[in-house]
Every structure is written in structure tokens, then in C-alpha cells.
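Right, one structure below, let's go through it.
The values are calculated or read from the model by the stated rules, or taken from the named source; none is laboratory data. Just so we're clear, the structure is a prediction, and the values are computed from it rather than from any experiment. Every residue, glycine among them, receives a Cβ derived from its backbone with ideal geometry; neighbour counts consider all protein chains shown.
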Amino acid sequence: MRYLVLSDIHANLEALEAVLADEPAQDYDQLVVLGDLVGYGADPNAVVERIRSTNPVAIVRGNHDKVAAGLESSEGFNTIARRAAEWTANALTKANREYLAALPAGPLEVSTDLEICHGAPYDEDAYIVSERYAVRALRFAVRPLCLFGHTHFPLALRGEGDRFQLIGRGPLLDGRIPIVESSKYLINPGSVGQPRDGDPRAAYALFDDMTREMFLYRVEYAVAQAQAKVIAAGLPEPLAERLILGR
Ligand code: ZN
């Protein structure tokens, strides 16, 4: 089985379409989504509908999905995120809001090899920002491969017994990661719609459970078009600016 892995799309339709049209992404069996379909970007309805139409085998909610769906207040968000969340909540159709509200919390076990979560396997809203948290997450994970998002920053860690090894992080983390049978892995594929590792290209991943390989990809997309939509929607300007910076 080949899994296409998408995380943190954030209502960026241009980035999502570029990923789905990218050559390696043509060859997959199942889609898994690590949450945050909406928030920040100008196309929440189109993105939710695109994901719904691709029928993911597993999908978890993100913190922005919860706020946009009205399950949680935007109290913990900074001013810009809060304004975007309010804009998104208003923009969503009833059907899309209900879809987001019904998304399960992670972690979710997808197969004997794979589990997914938004923030961390011990807390759907926790940020894995350092190796210390990653090691905790790795200990908590119940499957050999745990995929997470939320930080918008690619990271891969391997654990074997009590030993942990950083495979890579940020834009340097590219290409193929062999998933060795006796080890545990914690991998963040990066963000489709709002990368924050200094590389503005959309990030996504594929996991092949037959060959036991994880592939991380970056793909260019129409950033200027996505930025123009953010401005035209009246969303905060920094949300447009950061897309070209990848921060
Ligand atoms: Zn996010």
C-alpha cells in the first residue's frame, strides 16, 4: 500500500492542487491527512471539498479545524490567527463546517505499521518543537511509524530501543527514508499550505509499506496567486507575505 500524506493545508488551494498534480503523488492507494485543512488561507471551502472528494482513508482534525468548526474558541491564538479563524468560520458552508466538526482527534491507527496525529500522539494540540518532545512522542507511539504535523516543519527521528537518532530536519530533510523493521519512526512531512522551514515550496510525503520507504517531496506552486487571494479576501497581510518566505 502506498499512502499519500498531507498535513497543514490551511485553505491554500493552489498548494494543494500542485501537490495532487505532482508526479510522485499520482501513484498512491490511500490518502491520509494530518489535520489543519483550513485557517490562514483564502479557500477553506474548496480545500475541504477537494479533500472530501479524494476520500481519505484516515484523517484527524487540527487545532484550526476545531476553531473554524466552532468546537473551540480562538482564545489561544495570536491576533492574526484569530482574525483568520473568524474569517474562516464565517466563510465555511454548513456542510463543510459539519465535516470539520466531525473529524476525529488523533492519534489514529491507520494500519499495523502506521499511526497519525496532528500535534503529538500524547496530545493533539502539542507542538513537537525539539528532539526532547520528539523522543517523548516516539516513546508514546504504538506503531512503528508515527506521522505528525502542526509545526509546519519537517522532522524525522528514529528510535531503536533506548537510542534515538535525528535523521534530519527542515529543508535539508529531503528524499527517501528507509523504515527499518526493528526501529520506530516519528516523521513530520512538513506543511502543504504554509511551510515554515524557509522553503516556500509545498511539502508532502508518500509512505510505501511494501518497500518500507518514506519519501519526502517539495513542489513549487502558484504562490503569487494564493497571496493575491489572501489579500482580496481581506485576511491579514502577513499571511500572504509569509507564503513566499516559507516562514
Ligand atoms: Zn497548522
Quiz item: From the residues in segment 191-221 that are basic (Lys, Arg) and assigned to a loop (DSSP other than H, G, I, E, B), which one is farthest from the chain's Cα centre (by Cα)?
Solution: 212
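Considering only residues that are crowded, with 22+ Cβ neighbours inside 10 Å and not aliphatic (A, V, I, L, M), which ones fall in segment 154-165?
Initial filter on segment 154-165 (crowded, with 22+ Cβ neighbours inside 10 Å): 154-155, 157.
Matches in segment 154-165: 154 only.
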Self-check item: Set 119, 190: member being in contact with a Leu (Cβ under 8 Å, 6 or more places away or on another chain), within 16 Å of the ligand (Cβ to nearest atom) and at pLDDT 95 or above
Solution: 190
Quiz item: When the residues of segment 1-35 are filtered to those that are within 26 Å of residue 87 (Cα to Cα) and in a loop (DSSP other than H, G, I, E, B), which remaining residue is nearest to the ligand (Cβ to nearest atom)?
Solution: 8
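Test of understanding: among 128, 187, which residue is more than 19 Å from residue 217 (Cβ to Cβ) and either surrounded by fewer than 15 Cβ atoms within 10 Å (Cβ to Cβ) or within 18 Å of the chain's Cα centre (by Cα) (or both)?
Working: 187 fails: more than 19 Å from residue 217 (Cβ to Cβ).
Just a single option satisfies the conditions, and that option is 128.
Residue-wise test of (1) closer than 30 Å to residue 43 by Cα; (2) acidic (Asp, Glu).
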position: 132; (1), (2): no, no
position: 138; (1), (2): no, no
position: 194; (1), (2): yes, no
position: 220; (1), (2): yes, yes
Quiz item: Considering only residues of segment 142-183 that are over 20 Å from residue 112 (Cα atoms) and among the basic types (Lys, Arg), which is farthest from the ligand (Cβ to nearest atom)?
Solution: 163
